[in-house]
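Structure in structure tokens, see below.
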Amino acid sequence: MTDSKQAAVLGSPIAHSLSPVLHRAAYRELGLDGWEYGRFDIDEAALPAFLAKLDASWAGLSLTMPLKRAIIPLLDGISATAASVEAVNTVVLTDDGRRTGDNTDIPGMVAALRERGVTRVERAAVLGAGATASSALAALAQICTGEVTAYVRSAPRAAEMRGWGERLGVAVTTAPWEAAAEAFDAPLVVATTPAGTTDALATAVPETPGTLFDVLYEPWPTALAAAWSARGGAVVGGLDLLVHQAVLQVELMTGCAPAPLAAMRAAGERALGAR
């Protein structure tokens, strides 16, 4: 297949993004010889002008911070999944000029956990309360049958997480960040905080931990993930999430399914290893 199309990841900062590595690997495997995937440093202010310049050669966009909510008013519509957390990480551009937003982070999380055998848990804990935490709650709505405890730094963040729980149909309780080590009693812990935030908790990993889903992929392993593995606990990492959500993006943008998961993961691992 040689039709020329282009896609790209947008965000700011963006230089660290592995998305070009993953998508280009998929294009090679799928025989999409004329497809290109770029990277653009775009903030909220620059986003409308960038979108206005896109022509019929564009197939899709991947979005990272700080654009996942800023893009929504600029689209023709968004999926129910994206609407559930008010966050779009994928835009599909059709030949008739329509721009539709979707969210592959949520099904990507579910798929990454399923790959490690986690399909149902009785309760879970979430570390953090940002945009990724709300996506984590949406994923947990599909696999957690009981309560989710969110460990947060402020009362406004706590109220926000309880609000997301009500909206997503998840029983959410909140606890102060100072008590975050208590999260490790849960069979599934999802760490959604920035690099370094959970390092001090590494010494609190219990003798027999459950599953840790740490959404970071650089630096990897995090101190918490390393300590978790050393205790024999199962660890799902940020690269797992990145690959699974990118697989879904490739399928949405190209119309080719299934996307080549193994080739995309191998490309991501090589790129990380070279850094």
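May I ask you to give the solvent-accessible area per residue for the chain, in square angstrom, as obtained with a 1.4 angstrom probe?
43 Å²
While we're here: Separation of segment 117-145 and segment 176-194 by C-alpha centroid, Å?
A separation of 12 Å, based on Cα centres.
Taking 8 Å as the Cα distance limit and 6 or more residues as the minimum spacing, I'd like the relative contact order of the chain as a percentage.
About 17 percent, as a whole number.
Residues in segment 38-65 near a label at residue 79, defined as backbone nitrogen under 20 Å from the 7 Å Cα→Cβ point?
58-65
Any idea how far apart residue 115 and residue 96 come out in nm if each label point goes 7 Å out from Cα toward Cβ?
Simple spin-label model gives 3.5 nm for this pair.
How high is the relative contact order of segment 58-132, in percent, counting Cα pairs under 8 Å that sit 6 or more residues apart?
Reported as a whole number, the value is 27 percent.
Let me ask something additional. Bin width 10 Å, alpha-carbon pairs only: give the P(r) of the chain as whole percents, running from 0 to the bin holding the largest distance.
7, 29, 35, 22, 7, 1
Please compute the Kirkwood hydrodynamic radius of segment 106-151 from all pairs of different C-alpha atoms, in Å with one decimal.
Result for segment 106-151, one decimal place: 10.6 Å.
Still on this structure: Report the label-to-label distance for residue 72 and residue 177 in nanometres (one decimal), using points 7 Å from each Cα along the Cα→Cβ vector.
2.5 nm
Related question: Report the equivalent ellipsoid semi-axes for segment 72-120 in whole Å, largest first, defined as the square roots of five times the eigenvalues of the gyration tensor built from alpha carbon atoms.
27, 11, 6
Return the carbon/sulfur percentage of the accessible area of the chain, one whole number, probe 1.4 Å, all protein chains in place.
Ligands and nucleic acids excluded, carbon and sulfur give 52 percent.
Can you say what percent of the DSSP beta bridges in segment 83-222, counting only those with both residues inside, are antiparallel? Round to 5.
For segment 83-222, the DSSP antiparallel bridge percentage is about 20.
What does the C-alpha gyration tensor say about the overall shape of segment 104-217? Classify as rounded when a/c is under 1.5, otherwise prolate if a/b is larger than b/c, or oblate. Don't skip to the answer; put the middle values down first.
Values: a/c = 1.38, a/b = 1.04, b/c = 1.32.
Rounded.
On each of the three principal axes of the Cα atoms of segment 1-107, give max minus min coordinate, whole Å, ordered largest first.
That gives 34, 33, 30 Å along the principal axes, largest extent first.
Give the long-range amide H neighbours of residue 150: residues separated by 5 or more places, or on another chain, with amide H under 5 Å away, using H modelled in the peptide plane at 1.01 Å from N.
For residue 150, the qualifying residues are 126, 173, 174, 175.
Need one word for segment 25-174: rounded, prolate or oblate. Basis is the Cα gyration tensor (sqrt eigenvalues a ≥ b ≥ c); a/c below 1.5 gives rounded, then a/b vs b/c decides.
Prolate shape, in that a/c is at least 1.5 and a/b is the bigger ratio.
Compute the Rg to Rh ratio over segment 175-275 from the alpha carbon atoms, using the Kirkwood formula for Rh, and round to two decimal places.
On the Cα set of segment 175-275, Rg over Rh gives 1.05.
Stretched out fully, how many nm does the piece from residue 122 to residue 56 gain, at 0.36 nm a residue minus the Cα gap?
Extra length available between residue 122 and residue 56 comes to 19.0 nm.
Tell me what the chain gives for mean residue ellipticity at 222 nm when only DSSP H runs of n ≥ 4 count, each as -39,500 (n - 2.57), the sum divided by the residue total, rounded to 500 deg cm²/dmol.
Helices in the chain give a 222 nm mean residue ellipticity of -11000 deg cm²/dmol.
Then there is this: Among DSSP beta bridges lying fully in the chain, give the percent that are antiparallel, nearest 5. Don't skip to the answer; put the middle values down first.
Working: 7 of 41 bridges.
In the chain, approximately 15 percent of DSSP beta bridges are antiparallel ones.
Also, quick follow-up: To two decimal places, what compactness ratio does segment 198-241 give when its Cα radius of gyration is scaled by 2.2 N^0.38 Å?
It is 1.02.
Calculate how steeply helix 105-115 sits against the longest principal axis of the alpha-carbon atoms of the chain, using the helix alpha-carbon long axis, and give the answer as 0 to 90 degrees to the nearest 10.
It works out to around 60 degrees.
I'd like the orientation of helix 131-143 relative to the chain: the angle between its Cα long axis and the longest Cα principal axis, in ° from 0 to 90, rounded to 10.
Roughly 80 degrees between the two axes.
How high is the relative contact order of segment 99-253, given as a whole-number percent (alpha carbon pairs under 8 Å, six or more residues apart)?
24 percent
What are the ³J(HN,Hα) couplings of segment 52-65, residue after residue, when phi is run through the Karplus curve with 6.51, -1.76, 1.60 and θ = phi - 60°? Round to Hz, x for glycine and proline.
With the stated coefficients, segment 52-65 comes to 5, 8, 6, 10, 5, 6, 8, 9, x, 9, 9, 10, 10, 4 Hz.
The values are calculated or read from the model by the stated rules, or taken from the named source; none is laboratory data. Keep in mind the model is a prediction, meaning the values are calculated, not measured. Positions of Cβ are generated from backbone atoms using ideal geometry, with glycine treated the same way; all protein chains shown enter the neighbour counts. In case anyone asks, the SASA skips ligands and DNA or RNA and just uses the protein heavy atoms, side chains included. Shrake-Rupley method; radii C 1.70, N 1.55, O 1.52, S 1.80 Å.
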